[in-house]
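Every number in this text was worked out from the coordinates using simple rules, so none of it is lab data. Given the structure is predicted, the values throughout are model-derived calculations rather than measurements. Quick reminder, even Gly has a Cβ in these numbers, built from the backbone with ideal geometry, and neighbours come from all protein chains shown.
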Amino acid sequence: MGERAAATESIAVRNPATGEEIARVPIDSAGDVAAAVARIRAAQPAWEELGFAGRRAWLYRLRDWMLDNADRIADTMKAETGKVRAESTIEVPYLADQINFYGARAAGMLGERRVRPNSALAATRKLRLRYRPYPVVGLISPWNFPLVLSLGDAIPALMAGAAVAMKPSEVTPLGLNEIVDAWREEIGGPDVIAVVNGGAETATALIDHSDFVGFTGSDVTGKKVMARAAETLTPVSLELGGKDPMVVLEGANLERAANAAAWGGMLNSGQMCISVERIYVEDGAYDEFVDRLTEKVAGLDQGADGEVASCDVGAMTMASQLEKVERQVDEAVAAGARALTGGKRSQGPGQFFQPTVLVDVEPGMSVLEDETFGPVVTVTRVADEEE
Ligand code: NAD
């Protein structure tokens with residue numbers, strides 16, 4: 001986790017499936033962030049100078065290390081997110097694929113292009129388009145896919161010649177720190193990748209010191225990131241939340257539609273920005289679709305599985321998110337909605353919310369209008385496609 005001035009504060013990381021504290025991570029102050037960014041900024045020109053093939057060779061070494069250590073990384077993912085085993089294993093292959101993708105294509109993407117001038121002023125000039133990296137890219141990430149949404153975004157930046165500083169979610173910092181420690185200590189990679197740990201204060205310092213900010217997280221925080229970056233006119237990209245709809249029309253294959261809804265709604269305990277949260281079903285398909293979906297969701301096994309994948313749905317990673325889901329469902333049920341399966345937090349030490357299908361939901365209910373980010377889908381009957 002890098003050398004830093006004696007950190008006075010630390011984050012307790014818990015296993016959401018068991019409630020146990022599994023590690024403590026020192027928090028990086030604004031000064032620590034400035035120092036980490038200065039370090040990678042100093043190393044960036046040589047990284048850019050190395051050329052694409054040289055950088056790619058280093059990232060291939062990172063890929064190979066991750067593949068060699070995939071089980072160990074999956075163990076960390078499982079412990080810090082509370083995901084089931086099967087879902088904990090998907091991040092490393094995604095990252096390896098990302099490295100292969102940019103390894104094969106980025107040279108073409110980054111290549112110089114000739115531009116035909118349109119303006120009469122430039123008619124006699126030869127124009128060339130050349131890409132240069134932002135020296136330091138800062139990435140701020142959420143907890144639902146701790147590696148895909150941090151290192152996954154770092155890969156194209158690194159391939160392009162930028163140095164990257166990442167701030168993982170304070171809820172799930174362990175996996176990323178493990179990999180970046182290995183980059184430095186086991187792989188011996190150039191000092192162009194840093195991790196800084198902490199919450200809002202650490203993230204704010206990272207925005208202040210970066211030349212480009214990539215943020216993935218909630219809309220509320222995204223607005224703060226954009227406002228802060230505006231103070232230094234630092235460009236940002238924001239990947240935010242939503243209320244993912246699915247539409248089922250008469251004539252659809254309802255078995256496939258119900259499978260898609262159950263998978264899309266319950267994958268990663270519904271903690272996905274591209275999941276299924278609200279489903280609109282045409283009148284003639286509604287009853288059969290709801291029966292099939294309810295049966296499938298009721299049949300899912302939930303729990304903390306062991307080394308061998310045995311459960312379908314894991315824990316909810318963040319305690320406050322579990323409370324939000326519970327509040328949305330309780331309020332909807334109090335106002336007349338019905339849970340055909342699930343509907344409650346599970347008993348026990350871990351943070352589990354039962355896979356839930358809600359019907360009779362009405363406009364104005366938070367569960368229908370605000371992001372849920374949990375294992376809950378609502379189904380609404382509509383007269384026809386137009387509605
Ligand atoms: P969040 O917005 O609470 O936090 C995201 C990150 O921002 C964390 O690292 C957090 O420490 C940091 N942060 C907190 N306060 C900050 C501040 N004032 N300035 C800068 N950074 C700050 O989101 P979350 O709860 O970690 O993640 C869930 C959200 O992420 C959901 O809304 C979900 O839809 C969204 N998400 C979007 C995508 C996507 O690709 N669009 C992917 C995954 C998650």
Between Ala23 and Arg114, Cβ-based FRET efficiency (R0 56 Å, step 0.05) works out to 0.60
Between Ala334 and Asp370, the FRET efficiency computed from the C-beta separation at R0 = 22 Å comes out, to the nearest 0.05, as 0.85
Asserting the computed 222 nm helical MRE of the chain (DSSP H runs at least 4 long, -39500 (n - 2.57) per run, divided by residue count, to nearest 500) equals -13500 deg cm²/dmol
Note, Lys324: beta-carbon cut-off 10 Å, +1 each Lys/Arg, -1 each Asp/Glu, net -3
Given the candidates Ala309, Leu322, Phe289, the one whose Cα lies deepest towards the positive end of the charge dipole of region 287-327, counting +1 at each Lys or Arg C-beta and -1 at each Asp or Glu C-beta, is Leu322
As straight-line cross-link partners of Lys243, the qualifying aspartates and glutamates (C-alpha separation under 12 Å, not fewer than 8 residues apart within one chain) are Asp219, Glu277, Glu369, Asp370, Glu371
The relative contact order of region 1-132, taking Cα pairs under 8 Å that sit 6 or more residues apart, comes to a percentage of 19 percent
Out of Gly31, Gly241, Gly314, a Gaussian network model of the chain with alpha-carbon springs under 10 Å gives the largest mean-square fluctuation to Gly31
For the chain, the longest principal axis of the Cα atoms and the Cα long axis of helix 70-81 enclose an angle in degrees, to the nearest 10, of 60 degrees
So the angle from the long Cα axis of helix 283-298 to the longest Cα principal axis of the chain, reported in degrees to the nearest 10, equals 70 degrees
With Cα coordinates, the longest principal axis of the chain makes an angle with the long axis of helix 30-49, in degrees rounded to 10, of 60 degrees
Restricting to lysines and to Cα separations under 25 Å from Lys167, and discarding same-chain partners fewer than 8 apart, the set is Lys78, Lys83, Lys223, Lys224, Lys324
Once amide hydrogens are built 1.01 Å from N within the peptide plane, the residues lying 5 or more places from Ala23 or on another chain with amide H under 5 Å from its amide H are Val13
Expressed as a whole-number percentage, the relative contact order of the chain with C-alpha contacts under 8 angstrom and at least six residues apart is 18 percent
Percent antiparallel among DSSP beta bridges confined to region 235-387, rounded to 5, stands at 25 percent
Given a Förster distance of 35 Å, the FRET efficiency implied by the Cβ-Cβ spacing of Glu288 and Ser310, rounded to the nearest 0.05, works out to 0.70
Ranked by GNM mean-square fluctuation in the chain (Cα springs under 10 Å), the top entry among Gly342, Gly350, Gly51 is Gly51
Glu185 and Glu250 label points (each 7 Å along its Cα→Cβ direction) are spaced in nm at 6.5 nm
The rounded separation in angstrom of the Cα centers of region 186-240 and region 312-341 is 31 Å
Here, Arg105 and Glu49, labelled 7 Å along Cα→Cβ, have an inter-label distance in nm of 3.1 nm
Loop-resident trypsin sites (Lys or Arg not before Pro) in region 121-169 with no more than 14 other Cβ atoms inside 10 Å, DSSP not H/G/I/E/B, are Arg125, Lys126, Arg130
Most exposed to least, judged by fewest other Cβ atoms within 10 Å, Met365, Met166, Met246 sort to Met246, Met365, Met166
Of Asp211, Asp219, Asp287, the most mobile residue in a GNM of the chain (C-alpha springs, cutoff 10 Å) is Asp287
In the neighbourhood of Gly199 defined by beta carbon distances under 13 Å, the net charge of the other residues (Lys, Arg +1; Asp, Glu -1) is -2
In whole angstrom, the spacing between the Cα centers of region 259-294 and region 25-54 equals 44 Å
